[in-house]
Amino acid sequence: MSWGVALIYFVVLWVVIGLPTYFIFKKAGPNGDPAWGAFVPIYGFYILLKVVGRPGWWLIWIFIPIANYIVYIIVLNDLSKSFGHGVGFTLGLIFLSWIFLAILAWGSSTYRGPSAPAAGGMVAAPPPPPPVVT
């Protein structure tokens with residue numbers, strides 16, 4: 001394969017993954033980071049970590065072989081939960097990323113907030129119900 005063909009392949013792949021990610025970041029709302037970060041390789045993953053509620057230092061994991069796959073699967077699961085989906089949708093994000101990212105970006109899924117566990121490994125408790133006025 002020539003370098004020109006490889007370059008075209010990677011640019012198309014970058015757009016096919018980056019474009020829905022851009023709209024996912026826009027759907028997630030203003031979190032202080034620009035949606036165009038979806039097209040910047042490492043910065044885009046940093047924004048994704050913030051969208052799903054993981055700490056920014058998790059970015060280090062993408063540079064460690066094998067651990068990066070595990071972390072990416074965890075982040076995709078958190079992304080699925082952040083939009084109200086379950087494990088089946090996570091599997092779709094893992095194996096058919098471009099289709100399921102497009103579903104999140106342009107489908108009826110709504111962002112429900114970060115789904116990652118709070119610091120300390122515990123999931124934050126839901127807010128108490130409003131007081132009953134009699």
Ranking by accessible area, most exposed first, for Thr110, Thr21 with a 1.4 Å probe:
Thr110, Thr21
Give me the percent of the accessible area of the chain that comes from carbon and sulfur atoms, probe 1.4 Å, all protein chains in place.
76
When all protein chains stay in place, what accessible area (Å², nearest 10, 1.4 Å probe) is found for Trp58?
40
Taking only protein heavy atoms and a 1.4 Å probe, what accessible area per residue, in Å², does the chain have with all protein chains in place?
65
Leaving ligands, DNA and RNA out of it, work out the accessible area of Tyr9 with a 1.4 Å probe and give it in Å² to the nearest 10.
130
On the full set of protein chains, 1.4 Å probe, figure out the accessible area of Val12 and give it in Å² to the nearest 10.
80
According to a simple spin-label model (label point 7 Å from Cα along Cα-to-Cβ), what is the distance in nm between Phe23 and Ile42?
3.0
With an 8 Å Cα cut-off and a minimum separation of 6 or more residues, compute the relative contact order for the chain in percent.
24
Between the modelled labels at Trp3 and Tyr72 (7 Å from Cα along Cα→Cβ) the distance in nm is 2.5
Once a ≥ b ≥ c are taken as the square roots of the eigenvalues of the Cα gyration tensor of the chain, is the result rounded (a/c under 1.5), prolate (a/b larger than b/c) or oblate (a/b not larger than b/c)?
prolate
When Lys and Arg each count +1 and Asp and Glu each count -1, what net charge do the other residues less than 12 Å away from Leu79, Cβ to Cβ, add up to?
+4
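The values are calculated or read from the model by the stated rules, or taken from the named source; none is laboratory data. Remember, predicted model here, so these are calculated numbers, not experimental data. Positions of Cβ are generated from backbone atoms using ideal geometry, with glycine treated the same way; all protein chains shown enter the neighbour counts. For accessibility, only protein heavy atoms count, side chains too; no ligands or nucleic acids. Shrake-Rupley method; radii C 1.70, N 1.55, O 1.52, S 1.80 Å.
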